[in-house]
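A short worksheet on the structure shown next.
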Amino acid sequence: MGRPNRNDDADVLWSNYLQGDRSALKELINRFNDPLLMFLLGKTRDREVAREIAQETWLKMTKHKKGIKNFKAYLYKVASNAWIDMYTKQNKIKSVENAASSINGIAVKPEVFHKLGAEDITKMYRSCLTDGEYELWSLHCEGYNSEEIAQRLSLQRKTVDNKKSIIRKKLMSEMKNFANS
């Protein structure tokens, strides 16, 4: 007779945990935490970050109170999403840190940067961009990538990229005019 399927066993353990058996969760963590860490280490290349994401994954798993058809697949999907969330968050932090010498991705000379206040920037955007361009650029500034913007605005990704390029040129021209005034 063959070995029992470990994944079927994991599904049973998860079901037991949902019914209140905390030892079932302990067994799942013992069984899957090391492979999960190796999976995340392959993505992050950083042991501490992999541990942090693994902890976040287990925390999210314990909040999930529904049955799961394939525990292992779901665990790795949650881990992948946690990694993507962390990666996205880190990129947003870096972009905020780099914003000191740029305004929404457009390099600005320090003397112009200090002249412009948030109100001036908004007025400048509104005055030189159409409503559609303003909406697209606002999404870009919020951290959405071209694919996400395309989905939200029902456009092709290439169209979004082209429009972003046109908007950048308009804004750079407007900033030069402002700097010379």
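The values are calculated or read from the model by the stated rules, or taken from the named source; none is laboratory data. The model shown is predicted, which means the values in this text are computed figures rather than measured ones. Reconstructed Cβ throughout: ideal geometry from the backbone, glycine too, with neighbour counts over all protein chains shown. Ligands, DNA and RNA are stripped out before the accessible areas are found, and what is left, the full protein with its side chains, is counted by its heavy atoms. Shrake-Rupley method; radii C 1.70, N 1.55, O 1.52, S 1.80 Å.
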Suppose we keep only residues that are over 12 Å from LEU129 (Cα atoms) and basic (Lys, Arg) within the range 145-181. Which one would you say is modelled with the lowest pLDDT? LYS176
Within the range 123-144, how many residues are of a type outside the set (A, V, I, L, M), surrounded by 12 or more Cβ atoms within 10 Å (Cβ to Cβ) and either at pLDDT below 80 or under 30 Å from MET86 (Cα atoms) (or both)? 11
Cβ-Cβ distance below 9 Å, separation of 6 or more or different chains: which pairs start in the range 160-178 with a residue that is in contact (Cβ under 8 Å) with a residue 40 or more places away in the chain and among the hydrophobic types (A, V, I, L, M, F, W, C) and end on one that is outside any helix (DSSP H, G or I) and open to solvent by 80 Å² or more (accessible area, probe 1.4 Å)? MET172/ALA107; MET175/LYS109
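Between ARG152, ARG168, ARG157, which is in contact with a strand residue (DSSP E or B) (Cβ under 9 Å, 6 or more places away or on another chain) and either within 30 Å of MET86 (Cβ to Cβ) or not hydrophobic (A, V, I, L, M, F, W, C) (or both)? Give the steps one after another, and end with the answer.
Details: ARG152 fails: in contact with a strand residue (DSSP E or B) (Cβ under 9 Å, 6 or more places away or on another chain); ARG157 fails: in contact with a strand residue (DSSP E or B) (Cβ under 9 Å, 6 or more places away or on another chain).
None of the others qualify; the one that does is ARG168.
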Residue within the range 64-83 that is touching a helix residue (DSSP H, G or I) at 6+ places or on another chain (Cβ under 8 Å), within 28 Å of GLU142 (Cα to Cα), open to solvent by 60 Å² or more (accessible area, probe 1.4 Å) and assigned to a helix (DSSP H, G or I) present: yes
Do you know which of the residues in the range 41-99 that are of a type in the set (Gly, Ala, Ser) and farther than 24 Å from GLU27 by Cβ is modelled with the lowest pLDDT? ALA99
